[in-house]
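**Q** Just passing along the structure, written as structure tokens.
Rule-based calculations on the coordinates, nothing more; no lab input. Everything numeric in this text was worked out from a predicted model, so none of it was measured. All Cβ positions, glycine included, derive from the backbone under ideal geometry; neighbour counts span all protein chains shown.
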Amino acid sequence: MLSISNLHVSIGGKPIIDGLSLHVPAGEVHAVMGPNGAGKSTLSYTLAGRAGYAVTAGSASLDGEDLLALTPDQRAARGVFLSFQYPLEIPGVPALTFIRTALNAQHKARGEPETSAPEFLKRVREAAGRLRMDMDMLKRGLNVGFSGGEKKRMEILQMLMLEPRFLILDETDSGLDIDALRIVSEGVNALRSPDRGMLVITHYQRLLDYIRPDRVHVLAAGRIVASGGPELALELEREGYDKYARAA
């Protein structure tokens, strides 16, 4: 599904990703863990197409299509979704309007019919109920005045509505208390399916107690230096990243 080969990425001329290779098959959840500055967020932004992240070598494809040749909106239309570590506030744009506009824009890009207002409201009420979100929140400006946990729930609500093909979760557990972490994780797990892949970027094992990965990768000095099963995350929790950072 997602295939990355010998990827090199620079920001402002400074190399950050240095020969990273990774393959995430459809139906699997892969976790990427690593110390601060290893390149985790750079990887997520590069895959989503954020400006300023210069790919100097290597490749990244989704379902065999060159991801790096697509604009950010084209990647979104293909089903790439990035959940931000720090979701932005957009004053003046109601959350409901934002989500419906994004959903219909993707349908249009794929040549699909728009979702009618009654069908949209039915779906969004169901998704909000699953995440224990009050519908009044969705009438406010996107993320404006929201707590950290409410912002993350809003991200998961967007996922449930857009039903992306490939999810990238950039430190989704950041700023969440135990209850919010469980609710957000339940929303993510609801999207697990044989034709969907996920890349979960995190520092901590606690998120992986709820979103159990098929594979865990250690990212250090801009490349994958170790891979294994869920037990690797437990090892990192006990021993830290020092030996992998030294090896890198």
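**Q** Would you tally the net charge around Ile17, using a Cβ to Cβ cut-off of less than 14 Å, leaving Ile17 out, and scoring K and R as +1, D and E as -1?
**A** Working: positive: Lys14, Lys40, Arg50, Arg223; negative: Asp18.
So the environment of Ile17 carries a net charge of +3.
**Q** Any idea what the relative contact order of region 164-235 is, in percent, if you count C-alpha pairs under 8 Å spaced at least 6 apart? Could the numbers behind the result be given before it?
**A** Details: 69 pairs, mean separation 22.5, N = 72.
Across region 164-235, relative contact order equals 31 percent.
**Q** About its Cα centre, what dipole magnitude does the chain give when the only charges are +1 on Lys and Arg Cβ and -1 on Asp and Glu Cβ, stated in debye to the nearest 20?
**A** Value, rounded to 20: 320 debye.
**Q** In this model, which of Lys40/Lys243; Lys14/Lys40; Lys40/Lys152; Lys14/Lys152; Lys40/Lys108 are farther than 24 Å apart at the alpha-carbon?
**A** On the way: Lys40/Lys243 18 Å; Lys14/Lys40 15 Å; Lys40/Lys152 19 Å; Lys14/Lys152 31 Å; Lys40/Lys108 32 Å.
From Lys40/Lys243; Lys14/Lys40; Lys40/Lys152; Lys14/Lys152; Lys40/Lys108, over 24 Å: Lys14/Lys152; Lys40/Lys108.
**Q** Could I have the simple spin-label model distance between Ala105 and Thr71, label points 7 Å from Cα toward Cβ, reported in nm to one decimal?
**A** Label at Ala105, label at Thr71, 1.0 nm between them.
**Q** Rounded to whole Å, give me the distance from the Cα center of region 182-204 to that of region 206-248.
**A** Cα centroid of region 182-204 versus Cα centroid of region 206-248: 17 Å apart.
**Q** For the chain, the longest stretch holding no trypsin sites (Lys or Arg not before Pro) located in a DSSP loop with at most 14 other Cβ atoms within 10 Å is which?
**A** That gives 133-248 as the longest site-free run.
**Q** Restrict the search to region 30-125; then list the GluC sites (Glu not before Pro) that DSSP places in a loop and that have at most 14 other Cβ atoms within 10 Å of their Cβ.
**A** Listed in order of number, the matching sites are Glu89, Glu114.
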